[in-house]
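For reference, the structure discussed in these notes is given below.
Values quoted throughout were computed directly from the atomic coordinates according to the rules given, and no laboratory measurement underlies them. Since this is a predicted model, take the numbers as computed values, not measurements.
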Amino acid sequence: MPLCQNLCPLEMTFKCPRCGLALLKPGRWFQVASKYRCEGCHGEIRITYPDKIALFQKYAASQREGPSPPNIAQS
């Protein structure tokens, strides 16, 4: 399953499986990265292809739903 090119410029968050610290990078970074050094636990974290598919599917689903409407109070 290929990763959606439309999501490449989108900022995505990947949580470290060891300590939970969030890593924020554009989708294009996740396409090519295979590992990174977590700033929280300093561990070398592998990003597998199944991890990437799950991440891109999560953001594709949120794109299909669209932005949430603003919460406007009625008087």
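For the range 15-64, take every pair of Cα atoms, bin their distances at 5 Å starting from 0, and report each bin as a whole percent.
Result returned by the calculation: 5, 20, 30, 26, 14, 5, 1.
Taking Cα pairs under 8 Å and at least six residues apart, what relative contact order does the range 15-64 come out at, in percent? Before the final figure, lay out each step's value.
Working: 34 pairs, mean separation 13.9, N = 50.
Result for the range 15-64 is 28 percent.
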